[in-house]
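The next block holds one structure in the form of structure tokens; read it before the comments.
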Amino acid sequence: MRSIAVVGASLAGLNTARALRRKGFDGTVTLIGAESAAPYDRPPLSKEFLAGTVDEADIGLGEPEDDGLELDWRLGKTAVRLDTGDTAVELEDGSRIRADGIVLATGAGANPFPGALGLRTIEDAKALRERITPGARVVLIGAGFIGAEIAATAANLGASVTIVERARVPLSGPLGAELGAVCAGWHATNGVELITDTAVRSVGEHEVELADGRVLASDVVIAGVGARPHVDWLAGSGLRIDGGVVTDSQCATGIPGVVAVGDCASSHRPFAGRVQRIEHWTNAITQSAAAAGTLLGSPEPPAPRDAIPYFWSDQYGMRLQFAGQRAEDDTVSIVDGDPASGKFAATYSREGVLHAVLAVNNPKQFGRLRRDLSTQQASVVALA
Amino acid sequence: MISVCSIDDIPEGEAFRFNADVPIAVFNTGDALYAIDDTCTHQDASLADGWVEDGCVECPLHAACFDLSTGMPSGPPAKKAVRTHQVIVSDRTVYVAINETPAELPVGEEIGVA
């Protein structure tokens with residue numbers, strides 16, 4: 001293998017390029033990014049960057065050491081076709097990059113809602129920053145993590161914020177109804193109105209009409225209604241697509257020399273026993289090492305702890321951390337602190353085995369529980 | 001040299017955090033005491049809340065690992081080392097000599113800001 005093209009220059013793509021070099025690959029590495037901005041960290045876009053406490057330079061993912069990687073950068077170039085027969089990537093501008101190995105790291109984009117703004121890129125965040133001013137009437141569509149974080153930042157900036165959520169309890173998917181309700185309660189205590197069990201019918205220039213006929217006056221309307229992977233350009237490539245690009249647990253697709261990593265990959269998860277597309281920041285980091293190892297023929301299974309999904313969310317000064325995956329029949333137990341106090345830790349168990357842990361403002365307990373979770377899950381996977 | 005706490009305040013595997021120019025944490029690995037800057041160089045998180053194992057502490061937020069004796073990170077996401085400080089125990093009192101080099105802080109954090 002003499003040349004590798006990495007399609008996607010964000011967290012997953014950049015870290016895969018770094019991992020290739022770390023593992024000794026000295027051929028050409030071409031890093032293709034659809035955005036013209038140098039790689040940056042997305043989690044702060046809904047928090048510190050939106051609040052204006054950090055700037056573009058602060059959230060850059062680049063490090064001085066990256067200069068030594070001798071990467072062939074192609075930023076502002078969108079890939080439009082993958083030729084798996086010749087292992088080549090065709091770009092929007094008509095150019096073609098042939099390589100012995102291909103890394104698919106194209107990520108995901110925010111699902112659009114007609115008439116509403118979204119938040120996925122630094123340009124999106126800058127547009128929101130301009131509009132979210134003291135006294136502005138901000139309506140969020142969706143009370144998931146992105147919606148809740150934007151709401152918290154907007155409220156802190158002095159905006160008048162309303163969130164409209166289709167589900168009866170926000171975050172009941174990832175956290176369950178009981179603890180989803182605890183986190184949803186933070187909106188009211190911070191002066192943000194939460195309307196649940198209600199869909200948005202339409203977004204007008206200065207108002208939002210709800211399915212029940214209510215009309216909310218608005219200056220800014222922002223949708224946080226999930227993301228979809230950038231995989232449309234791979235249609236006809238011969239790759240199996242199921243949500244994202246289907247891979248094994250080490251990021252290998254069905255086509256030799258092609259790996260997929262991060263938000264665009266539907267990878268086999270030993271933890272879940274099936275293929276899952278995971279959009280977490282930590283997943284992009286963990287998978288980048290695996291993808292590089294697979295491509296170079298030196299697989300490197302992740303540490304047991306890294307094999308378990310993990311995400312965090314910061315909102316209203318609360319730090320939420322979650323590891324694992326819950327199911328409807330889990331037994332939820334508060335094992336430390338008290339949800340009413342704003343500091344607690346909870347476990348989700350089935351038949352006496354830990355399946356997920358949640359902590360709020362309790363990183364120390366979270367670290368311990370996450371260890372217990374990975375130890376228990378490692379033995380479950382080993383027995384399977 | 002700052003008098004920090006009694007050695008009994010730091011059980012094995014735990015840390016004691018105190019404020020100097022920036023927050024500093026003293027860790028007890030069972031074999032020795034180590035003092036390092038408490039704030040992860042990647043993003044704002046307290047290393048005193050992290051997991052201590054094999055002479056390293058793992059950041060509770062993104063699992064960056066730092067060597068307690070050198071302050072060096074073992075891999076991503078942290079790139080910069082935390083400062084290390086000299087620890088001296090006398091009459092069961094823990095003293096720390098603050099390293100004079102400036103601290104590495106994550107973006108958006110300033111010295112003196114809680």
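Since every read-out is calculated from the coordinates, none of them should be taken as a lab result. All of these numbers come straight from a predicted model, not from anything done at the bench. Glycine gets a Cβ as well: all are built from the backbone with ideal geometry, and neighbour counts include every protein chain shown.
Taken along its three principal axes, the alpha carbon spread of chain A comes to 58, 52, 39 Å, from the longest extent down to the shortest. Between B:THR93 and A:GLU56, take the C-beta separation as r, use R0 = 41 Å, and let me know the FRET efficiency to the nearest 0.05. Using R0 = 41 Å, I get an efficiency of 0.30.
Placing R0 at 35 angstrom, the Cβ-Cβ distance between A:THR189 and A:VAL215 gives a FRET efficiency of 0.85 after rounding to 0.05.
Using a simple spin-label model with pseudo-atoms 7 Å out from Cα toward Cβ, A:ALA88 and B:ASP44 lie 5.0 nm apart. One Cα centroid belongs to region A:26-91, the other to region A:106-124; the line between them spans 17 Å. If amide H atoms are built 1.01 Å from N in the plane of the peptide, which residues on other chains or at least 5 residues away come under 5 Å of the amide H of A:LEU194? Hits under the 5 Å cutoff: A:ILE163.
Hey, what's the Kirkwood Rh for region A:317-383 if you take every pair of different alpha carbons, in angstrom?
12.0 Å
Taking the DSSP beta bridges with both ends in the protein assembly as shown, the antiparallel portion is around 70 percent. Quick one: net charge around A:VAL7, please, counting Lys, Arg +1 and Asp, Glu -1 for every other residue with C-beta under 14 Å from its C-beta. Neighbour charge sum, excluding A:VAL7 itself: -2.
The Cα-based radius of gyration and maximum Cα-Cα distance (Dmax) for region A:258-384 are 15.5, 51 Å. Helical content of chain A, expressed as a calculated mean residue ellipticity at 222 nm, amounts to -7000 deg cm²/dmol (DSSP H runs of 4 or more residues, -39,500 (n - 2.57) each, divided by residue number, nearest 500). Among B:VAL26, B:VAL57, B:VAL87, which one shows the highest mean-square fluctuation when chain B is modelled as a Gaussian network with alpha-carbon springs under 10 Å? Among B:VAL26, B:VAL57, B:VAL87, the largest mean-square fluctuation in the Gaussian network model of chain B belongs to B:VAL87. For the listed peptides A:49-62, A:271-284, a ranking on the average number of other beta carbons within 10 Å per residue, highest first, reads A:271-284, A:49-62.
Between A:THR28 and B:SER3, the modelled label-to-label distance comes to 6.8 nm, taking each label 7 Å out from Cα in the direction of the beta carbon. Inter-label distance, B:LYS80 to A:ARG96: 4.6 nm, where each label sits 7 Å from its Cα along the C-beta direction. Using the Stokes-Einstein relation with a Kirkwood hydrodynamic radius computed over Cα pairs, the translational diffusion coefficient of region A:122-223 at 10 °C and a viscosity of 1.306 mPa s comes to 117 µm²/s. Considering every alpha-carbon pair of chain B, the percent of pairs per 5 Å bin, from zero through the bin containing the longest distance, is 2, 14, 26, 26, 19, 10, 3, 0. Screening chain A for whole DSSP H helices with an alpha carbon extent of at least 15 angstrom along the helix axis and a mean Kyte-Doolittle hydropathy of at least 0.5 yields A:145-156, A:177-189.
Between the beta carbons of A:ALA303 and A:ASP338, assuming R0 = 25 Å, the FRET efficiency works out to 0.15 to the nearest 0.05.
Annotation: peptides A:192-200, A:248-256, ranked by per-residue average of other Cβ atoms within 10 Å with the highest first, follow the order A:248-256, A:192-200. For B:ASN99, the residues whose amide H sits under 5 Å from its own are B:GLN86, ignoring neighbours fewer than 5 places away on the same chain, with H placed 1.01 Å from N. Based on Cα contacts under 8 Å between residues 6+ apart, chain B shows a relative contact order of 26 percent.
What residue among A:GLY317, A:GLY337, A:GLY107 has the largest mean-square fluctuation in a Gaussian network model of chain A, using Cα springs under 10 Å? Result: A:GLY317 has the largest fluctuation of those listed.
Estimated at 0.36 nm per residue, the fully extended path between A:ARG274 and A:LYS126 surpasses their Cα-Cα distance by 49.5 nm.
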